[in-house]
1. Go through segment 204-237 and give me each residue that's open to solvent by less than 20 Å² (accessible area, probe 1.4 Å), within 17 Å of Ala340 (Cβ to Cβ) and in contact (Cβ under 8 Å) with a residue 60 or more places away in the chain.
2. Scan segment 274-293 and tell me whether some residue there is β-branched (Val, Ile, Thr) and open to solvent by less than 10 Å² (accessible area, probe 1.4 Å).
3. Restricting to segment 254-273, give me the number of residues that are assigned to a strand (DSSP E or B) and open to solvent by 30 Å² or more (accessible area, probe 1.4 Å).
4. What residue, of Asp273, Asp327, Asp283, Asp277, is farther than 19 Å from Ser185 by Cα, modelled with pLDDT under 90 and of a type outside the set (Val, Ile, Thr)?
5. Please list, ordered by first then second residue, the pairs with beta carbon atoms under 9 Å, 6 or more apart or interchain, first in segment 84-110 and aromatic (Phe, Trp, Tyr), second open to solvent by 20 Å² or more (accessible area, probe 1.4 Å) and assigned to a loop (DSSP other than H, G, I, E, B).
6. Return the pairs, sorted by first residue and then second, in which the second residue is assigned to a loop (DSSP other than H, G, I, E, B) and of a type in the set (A, V, I, L, M), the first residue lies in segment 317-337 and is farther than 14 Å from Val237 by Cβ, the beta carbons are less than 7 Å apart, and the residues are 6+ apart or on different chains.
7. Considering (1) in a helix (DSSP H, G or I); (2) touching a His at 6+ places or on another chain (Cβ under 8 Å), say which one Arg151 fails and leave the rest.
Amino acid sequence: MSARSARDREGRSPSEPRRPRRGERRLVLVGPYPPPWGGIAVHLRALHRLAEDAGIDAEILDIGEGHASRTGEDGVTGAGSHASFAAGLSRAALRGDSLHVHIPGNNLKSWLVALAGSRARLHGGGALLTVHSGVAPAFLDSSSFARRIARSAATGFRRILCTNSDITGVLRSCGVPGARLEVVSPFLGQPLSTRGEGNHRTRFSPLLSCALSPGPQYGEGVLLQALAILSKRLPRVGCLAFGPSTAEATFLARVRAHGVDRQVVPLGELEHDACLDAISKSDAFLRPTLADGDSLSVREAIAMGRRVVASDAAPRPAGTVLFRRGDPASLASAIEEALARPAPGPAQGSGASAARILDAWSQLGIVSKGGLR
């Protein structure tokens, strides 16, 4: 029986949080919740489902954009303002809840969020931190003040999970003990469903897909230049581009300036299931980033059996075709190399990350279904 069905039998609606039993701690997930559908938000949503499936009472303290509109929905409490964030942390501390805080780590605000969470933990049930962004090492290396804040924040967390080894390395250089740092992918290995083929398959051959967001680190310019190179060799090449930046008029202007308006299909911001649908329709998924933590979309594409071409900006899973970061010609060549290979079959994730996160929660006193620790 699912955790959701069990809750319904207790006479509560699916969105109503369960009250913890005596001696049982509530888990409070702190971070941005979708929409928008960025990597951390998607991960937080998956963690909420993981907690549900394990019978763990979990609440979300949403510090993302549009947080107020989601308050009260599916156990979400808006905490985007300073006052509401402080109030949410205070409630958690007074109840003795345990915190799992999620930050990108690539700006001072995120480390102040971590610092506040670490201090609230002193009166609560312990805390865990996850640092996501591949830009975090460069940010911390550039600011001695940020390094001090990060070191101070880290003292309040029992374990700090990082999406790649570069992040653990920079935190170690900030003075965080290495024994408290570990690399854990945010991909939980959950089953993926897709909607099947679409009419873009008949218009383009090959059909590519790519997730883009505002900011130079996502490699938009590299992608557009590579498509311009490819279009001369593969006249029917096309690319489904999705993400918040692809709905902007300025994006369309840049696409036209590169001469690839016939190749690029801008889909705008999509819900997560629609993103998976776009990836599943393509012959290859592209990740042209200049910096990365551990890309959920790369692992999802591999799990769906798609070819994946990604920059060498971060460690990538086996099966990824790599290209030199920031090099459009290298990207174009890597795409051709990937397309020349047979399409891999679906490769369901092992769930190793989910098991490690459940173990980290158990060390905070979070009780899973059946009372197991």
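The values are calculated or read from the model by the stated rules, or taken from the named source; none is laboratory data. Bear in mind the structure is a predicted one, so any value in this text is a computation, not a measurement. In this analysis, Cβ positions are derived from the backbone assuming ideal geometry, glycine residues included, and neighbour counts consider all displayed protein chains. Keep in mind that these areas ignore ligands, DNA and RNA; they rest on the heavy atoms of the full protein, side chains included. Shrake-Rupley method; radii C 1.70, N 1.55, O 1.52, S 1.80 Å.
1. Passing the criteria: Pro206, Leu207, Leu208, Ala226, Leu230.
2. Taking every residue of segment 274-293 in turn, at least one turns out to be β-branched (Val, Ile, Thr) and open to solvent by less than 10 Å² (accessible area, probe 1.4 Å).
3. Filtering segment 254-273 down to residues assigned to a strand (DSSP E or B) leaves 264-268.
With the extra rule that they be open to solvent by 30 Å² or more (accessible area, probe 1.4 Å), the set shrinks to 266-267.
So the answer is 2.
4. It is Asp273.
5. Phe85/Ile63
6. Taking only residues 6 or more apart or on different chains, the pairs are Arg325/Leu290; Arg325/Ala313; Gly326/Leu290.
7. All conditions are met except number (2).
Yes or no, residue by residue, for (1) at pLDDT below 90; (2) in a helix (DSSP H, G or I); (3) hydrophobic (A, V, I, L, M, F, W, C); (4) open to solvent by 10 Å² or more (accessible area, probe 1.4 Å):
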{"residue": "Gly23", "(1), (2), (3), (4)": "yes, no, no, yes"}
{"residue": "Val28", "(1), (2), (3), (4)": "no, no, yes, no"}
{"residue": "Trp37", "(1), (2), (3), (4)": "yes, no, yes, yes"}
{"residue": "Gly55", "(1), (2), (3), (4)": "no, no, no, yes"}
